[in-house]
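Nothing in this text is a laboratory measurement; each read-out follows from the coordinates by a stated rule. Computed from a predicted model, the values in this text were never measured in an experiment. Here the Cβ positions follow ideal geometry from the backbone for every residue, glycine too, while neighbour counts run over all protein chains shown.
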Amino acid sequence: MNHELQILDGSMGAELIRRGITPRTGLWSARALLDAPEAVVQVHREYIDAGAQIITTNSYSTIPSYLAKAGMEESYQELTVVAAKLARQAVEATGQQALVAGCLPPLDESYRHDLVLADEPSREIYAELVGVLSSHVDLYLCETMSSAREGANAASAARAADPDKPLWVAWTLHETPGTGLRSGESLEQAMAAVEQYQPDAFLFNCTSPSAITAAVEALAELTDKPIGAYPNSYHVPEGWTLDNEKSMGGRDMEEAEFIRYSQEWLAKGASIIGGCCGIGPEHIQAMSRKLKG
């Protein structure tokens, strides 16, 4: 089934770090909500001006586990609201018809399927996040889900707390193409875990483009719903976290390479395309012009 192409934005945290707005450690992108909210709005606006039709709230790290590093774990709902309002402010400032996706991230470290919270506390936190996002966002994006259970917890809470808005689920993949999620589970297992919540789109993110290419091709055989892809611009090493000293592997992806991958994903059935860590407004602009032009 053919679906209309939709352009997502790129990274927020990595872009703020690149601009010297926020450090890579500690509160990460949540720090900018406190110290430089105008910079968050500016990045959102640049993505919209670059062609993004959907921007994502800067709430990836407004979760208790990250905020606890500064003794602010009780502020996660308050800061999530700030992130949502800044995204909406950016859309209104541009005068364009961009949508705001409410980010529902991992509740501990990214990629760490072994650290996923138990189901009940996970769903309680996700429901509270949805509750404060609901007045400001157009859809929910469960992103960087590293296991079937993690995706199910986020999707379940979103559907229960705000059943009328679109729900997208984005998984992060093992870096070896064709080997499923970071947890080692297959795409079939991941989809079965969220099936009862009827997601409106399935995506892959925070993964190397080569792994995403294989997954898009496989997923196109499993669903008629929209498929999305938003990769990292570099390889993430095993055991990497936001706070450790491990450096990213490989090299940053040039705009021309990003365009080539995007064209390949489009040909294989993807219709929602953007970027994750290391993909900035310049990438989105180049890709949007090529695919839309």
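Remarks
- Amide H contacts for ILE54 (H built 1.01 Å from N in the peptide plane; partners 5 or more residues away or on another chain; cut-off under 5 Å): ILE7, ASP9, LEU99.
- Set of aspartates and glutamates near LYS69 by C-alpha distance (under 20 Å), chain-local residues within fewer than 8 positions excluded: ASP35, GLU78, ASP108, GLU109, ASP243, GLU245
- The DSSP beta bridges internal to the chain are antiparallel in roughly 10% of cases.
- Backbone geometry of the range 64-71 corresponds, through the Karplus equation with coefficients 6.51, -1.76 and 1.60 at θ = phi - 60°, to 3J(HN,Hα) couplings of x, 5, 6, 5, 4, 5, 10, x Hz, x marking Gly and Pro.
- Residue-span extension gain [GLU78 to GLU195] - 0.36 nm each, minus C-alpha spacing: 39.0 nm
- Entries in LYS225/LYS290; LYS85/LYS292; LYS268/LYS290; LYS85/LYS225 that, when Cα-Cα distance is taken, lie over 27 Å: LYS85/LYS292; LYS85/LYS225
- More than 25 Å apart - percent of Cα-Cα pairs taken over the chain: 40
- Computed from phi, the 3J(HN,Hα) profile of the range 13-21 under the Karplus parametrisation 6.51, -1.76, 1.60 (θ = phi - 60°) reads x, 5, 5, 5, 5, 4, 8, x, 7 Hz, with x in place of Gly and Pro.
- Charge dipole of the chain about the Cα centre (unit charges at C-beta), most positive-ward option of LEU107, ILE125, THR62: THR62
- Vicinal HN-Hα couplings computed from phi for the range 88-100 (Karplus, 6.51 cos²θ - 1.76 cosθ + 1.60; Hz; Gly/Pro x): 5, 4, 5, 4, 5, 5, 7, x, 9, 9, 5, 9, 10
- As a proxy for reagent exposure, MET72, MET12 were ordered by neighbouring Cβ count within 10 angstrom, fewest first; the result is MET72, MET12.
- Most mobile of GLY184, GLY280, GLY95 in a GNM of the chain (Cα contacts under 10 Å): GLY95
- When the convex hull of its Cα atoms is projected in every direction, mean area for the range 1-102 (nm²): 7.0
- Amide H partners (placed H, <5 Å) of GLU143, local residues excluded: LEU104, ALA170
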